[in-house]
Amino acid sequence: MEKTKNSLGKRIKNVLMAPVRDCKEIGQTFAHGDWKTKVSFLIMGFGPLMRGQILRGIAFLASEIAFIWYMVAFGAKYLKDIGTLGTVQGGFDENYSYTYGDNSFFILLFGVLSLFLIVLFIYMWRLNVRVNMNEEKRLKEGRALATVKQDFRSLLDENFDKTLLALPVTGVFLFILLPIVFMVCVAFTNYDATHQSPTHLFTWVGLENFRNIFSMGTAGFGKTFVTVLNWTLVWAFFATFLTYFLGMAVAILINKKGIKFKKMWRTILVMTIAIPQFVSLLYVSKMFAVDGLINSYLMKWGWINSPLPFWTKASWARPTILLINLWIGTPYVMLITTGLLMNIPEELYESAKIDGASPFQTFRKITLPYMLFVTGPYLLTQFTGNLNNFNVIFLLSQGKPQSLELAGGAGYTDLLVTWLYKMTVNDTNYKMAAVIGIMVFVVVAVVSVTVYNILPSVRDEEGFQ
Amino acid sequence: MMKEKKLHKQHKKLSNGIAYALLIVMSIVWLFPFVCLVLQSFRSYKPEVEFGGMVAYLLPKHFSLDSYKFLFSGESNFLRWYGNTLIIAAFVSIGQTFFVLCTSYALSRMRFKMRKALMNLWLVLGMFPGFLTMICLYFLLKQVGLTQAGAVPGLILISVASSGMGYYVCKGYFDTIPKSLDEAARIDGASRAKIFIGMIVPLSKPIIIYTALVAFMAPWCDYVFASYVAFGYEKGYNVAVALQRWVTTNDYQGYFTRFCAGGVLVAVPVTALFMALQKYYVEGVTGGAVKG
């Protein structure tokens, strides 16, 4: 304990001292550097270019030119308004000609992008200083600098990670990180149907939206949020564990000695994975509709007089969804557990049988602990996946039945994600959609961190070996 | 002694009988919707032949290919939608596999300064729901003209660009390939790139097929982004969006059998492909499940 505390303190100190060390190094590089290095402080890549390292020099110079061009032509005008998100609203003047105002959306989006690029530029500049320093040092020691050819070759060898990750990292930055940061910012603005860019402005409102989602009054989202969150958690729990146990049971059944055509049984079940979900789920949702196959057959046979409210009553819709999810989800578990079940040593079962244990006892004492241990991480990902299981809910019930008691167009089978989707698409209530997105993140993060820390396979890797 | 053995045998027979009964019931439940789907796709939608909506019987009264004929006739954009989806699926499959392989190799084999930080950042980003960023992505794509008429390349771009984050299963597989192989090759003077392309990739056939298969199947179900990006431009839809609209619009009764026929046309090739590559799929999910 003492040791970890110590190393943590050391690490914090390390992080805090890093800028100081950096500044010192930059200062020394400038003070002791030759004129090429000194010019490089202003014109990036000048030193490497003069020393014949064309590739690096051009890369630095190009990044500087690109950055300045972006800022002058584009970034600066958005960045300067980021505090207000625009002040001039577009509209018709007294001569009925349209004048363009500020576009809050782009101010925020490109403002965030500009901030990222500034950080990136500072990093590049810092790198530029260090490269200059290292080159001078190398030359002073009388060693040759890497040639352009060597630089290229290193990108395929010791620096291969940079080549490999360049595209994936850029992609994630542009299409995941930037949009997420943008949407997190939107949660602190009043961007909604009445503040749509480009015709209207939106602006910062602080924590108002978060207050809204927790306010239990009639106008607030609080009650709806609690209802939806509750169902999301209940759904994720049952969807995960019901399929887990049924899937395992089916796997055991098919693995049973003396059962023939094992492959055929598995293939039949796997059909639900193979067939695109939108075909199977949409069809099944229609089967359970008021005028669907199931209701009309039951009525034809005279078992019921009026159609069963599979999708129209919350108390029916929720179990129906869980039931249909069993149909969709069980085969996955069956596939995964089939192989794992065979890994359990046969002797364990034999000796349990000799001791007179019933099949249920052997399952509880031998099979289940082993399976829970091995599939712990799978259960966790499955649970978080179910928290965000958009397809099953949306294709089956679209979150219905809806109710006037719920705010934001939510229904009784809506998960947080489907509610988020509805708010984005139907209500264009982006600010609340953003808040819900953050809430989903919080729920997933809390569940993941808690479960991860109590997972036996994480705590004790040797457990069952 | 003899009697006990006989009893045991009988008991076994009985328990196997129950097991078979259960399996048969399950098979019926599992296949029932698909059988219904196929049967109903052979019902005509033309009023003079038969009602094309939802009815209280399964076997069509007149076997007809009208619904299929409609799909191929050009009265709707079905072939276009089908083509869109096929193109998206093919490109996403290739692109994602490439991105995932690159990322996985770098994270599994190379040790660099920001490695841990990058993995943690991606883990945190993965906890945000994907639909949160929908509007932002829409406007980003719109800026470069990749919405509506450009929906197909736009969808390919967003699916491929962010796919590096899905490296877990593949990296897990790479981790199981002994590092001593790499080291031996490096002593022989092979560069990292050469090891990656010449050694690791050929050894990873199962995981490559798994990655490509999963990536290929996803676009067939992609409803959310596809409908948002192609918003209002019918020719840019994929099959999921188009067929979903057929059954959820007010005229769903009229389009029901045509939806069934479309569903069959989509399901048959995808299912066939999946069944053919099932072995690799099982390997992939099982490996991924255990390692987390």
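The values are calculated or read from the model by the stated rules, or taken from the named source; none is laboratory data. This one's a predicted model, so the numbers in the text were calculated from it and none came from an experiment. Here Cβ is always computed from backbone atoms with ideal geometry, including for glycine, and neighbour counts include all displayed protein chains. Ligands, DNA and RNA are excluded from the accessible area calculation, which covers all protein heavy atoms including side chains. Shrake-Rupley method; radii C 1.70, N 1.55, O 1.52, S 1.80 Å.
Overview of values
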{"read-out": "In Å, descending, principal axis extents of the Cα set of region B:9-69", "value": "60, 21, 15"}
{"read-out": "Cα-Cα separations in chain B greater than 28 Å, expressed as whole percent", "value": "55 percent"}
{"read-out": "Loop chymotrypsin sites (Phe, Trp or Tyr not before Pro), region B:136-192, which have at most 16 other Cβ atoms in a 10 Å radius of their Cβ (DSSP)", "value": "none"}
{"read-out": "Between region B:4-83 and region A:233-263, the Cα center-to-center distance that results, in Å", "value": "23 Å"}
{"read-out": "In order through region A:317-329: 3J(HN,Hα) via Karplus (6.51 cos²θ - 1.76 cosθ + 1.60), integer Hz, x for Gly, Pro", "value": "5, 5, x, 4, 4, 4, 5, 5, 5, 4, 4, 7, x"}
{"read-out": "Gaussian network model of chain B, springs between alpha carbon atoms under 10 Å - residue of B:Asp175, B:Asp222, B:Asp188 with greatest fluctuation", "value": "B:Asp188"}
{"read-out": "Sparsely packed GluC sites (Glu not before Pro) within region B:2-96, loop by DSSP, other Cβ within 10 Å at most 14", "value": "B:Glu48, B:Glu75"}
{"read-out": "For region A:162-220 and region B:171-194, distance of Cα centres in Å", "value": "43 Å"}
{"read-out": "Sequence-separation-based contact order of region A:214-459, relative, with Cα cut under 8 Å and 6+ spacing, percent", "value": "25 percent"}
{"read-out": "Added length on full extension, which subtracts the Cα-Cα distance from 0.36 nm per residue, B:Asp175 to B:Leu39", "value": "44.2 nm"}
{"read-out": "Longest exposed-site-free window of chain A, the sites being chymotrypsin sites (Phe, Trp or Tyr not before Pro) in a DSSP loop that have at most 12 other C-beta atoms within 10 Å", "value": "A:304-465"}
{"read-out": "Cα-projected label distance for A:Tyr70 with A:Cys23, points at 7 Å along beta-carbon direction, nm", "value": "2.7 nm"}
{"read-out": "Hydrodynamic radius of the protein assembly as shown per Kirkwood, over alpha carbon pairs, in Å", "value": "29.8 Å"}
{"read-out": "FRET E, pair A:Ala357, B:Ala190, Förster distance 41 Å, beta-carbon r, rounded to 0.05", "value": "0.15"}
{"read-out": "Charge context of B:Ser73, other residues only, Cβ under 14 angstrom, K/R +1, D/E -1", "value": "+2"}
{"read-out": "Local net charge near A:Ser40, Cβ-Cβ under 14 Å (Lys/Arg +1, Asp/Glu -1)", "value": "+2"}
{"read-out": "Region A:225-287: trypsin sites (Lys or Arg not before Pro) in DSSP coil with no more than 16 other Cβ atoms inside 10 Å", "value": "A:Lys256, A:Lys257, A:Lys260"}
{"read-out": "Cβ-defined net charge surrounding A:Thr87, 14 Å radius [Lys, Arg +1; Asp, Glu -1]", "value": "0"}
{"read-out": "Convex hull of region B:72-132 built on C-alpha atoms - directionally averaged projected area, nm²", "value": "6.2 nm²"}
{"read-out": "Within chain A, longest stretch clear of exposed GluC sites (Glu not before Pro) (DSSP loop, no more than 15 other Cβ within 10 Å)", "value": "A:159-404"}
{"read-out": "Relative contact order for chain A, counting Cα pairs under 8 Å that sit 6 or more residues apart, in percent", "value": "14 percent"}
{"read-out": "Separation of the B:Ile197 and A:Lys263 label points, Cα + 7 Å toward Cβ, nm", "value": "3.8 nm"}
{"read-out": "Taking region A:255-366 and dividing mean pair separation by its residue count, relative contact order in percent (alpha carbons under 8 Å, at least six apart)", "value": "21 percent"}
{"read-out": "Per residue accessible area of region B:9-69, 1.4 Å probe, in Å²", "value": "58 Å²"}
{"read-out": "Inter-label distance for A:Gln196 and A:Lys223, nm, one decimal - labels placed 7 Å from Cα along Cα-to-Cβ", "value": "2.9 nm"}
{"read-out": "Surface share of carbon and sulfur [accessible, 1.4 angstrom probe, percent] for region B:76-248", "value": "67 percent"}
{"read-out": "Under 5 Å, built H, 5+ apart or other chain: amide partners of A:Thr189", "value": "A:Val205"}
